[in-house]
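The values are calculated or read from the model by the stated rules, or taken from the named source; none is laboratory data. Quantities reported herein were computed from a predicted structural model and do not represent experimental measurements. Positions of Cβ are backbone-derived with ideal geometry, glycine not excepted, and every protein chain shown enters the neighbour counts. Side chains are part of the model used for accessible areas, which takes the heavy atoms of the whole protein and leaves out ligands, DNA and RNA. Shrake-Rupley method; radii C 1.70, N 1.55, O 1.52, S 1.80 Å.
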Amino acid sequence: IEALPALAHLPAGVSLATHFTARDAYGRMQDIKKWLDDARDWWAGSSDTDLARPKFIGISFQLADFVTTRWGWYNSDIRPIRLGGKAAVAPTPSQGNQTLVMLFEEILKVAKTDADKAHAHYGLAMSYMQNYSGDQKLRDKAIDEFEKITGDFEETEWADDAYYQLGQYFENYKQDYV
């Protein structure tokens, strides 16, 4: 699809990513990730923010779901984008799931709806919670994110998931049975 003009290339790439995610995700993993990364970069640089915002957010969540479903929450292979510019920032070496944290922070910068904000906070919280370093500061950040969802976005579908994760945390790490 690289021979297609840029604008035609993006919907084709996203459509192919969606198709192969359902049909042959493991055979085309790198292609799927590249197509979604490329589309995120393009929509992040679009000057038509009303059109670009939902596209960027939807594709970002699609990428996050694809990555976490195949590689778990410990993934360092998502390209950062530059909001407001057409070119992607050169990737920097990262460890653990820092690129997932970056992805959800990018979504939060542009999200307008409570559902998108809650979804991004949930992804951010899970990224912090699923760090394999055992760093309690990151787990504390996760708790703050889950509590933000239950406090600010209680009407969204993510609130019950946040309550569940909080319960799991307090049961497993704090031995606090309320």
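For the reader, a short list of remarks on this structure follows.
- Solvent exposure of the stretch 108-158 as accessible area per residue, Å², 1.4 Å probe: 53 Å²
- Neighbourhood net charge (12 Å Cβ-Cβ; Lys/Arg +1, Asp/Glu -1) for VAL101: -2
- Karplus-derived 3J(HN,Hα), 6.51/-1.76/1.60, for each residue of the stretch 66-73, Hz, glycine and proline x: 4, 5, 5, 6, 8, 10, x, 7
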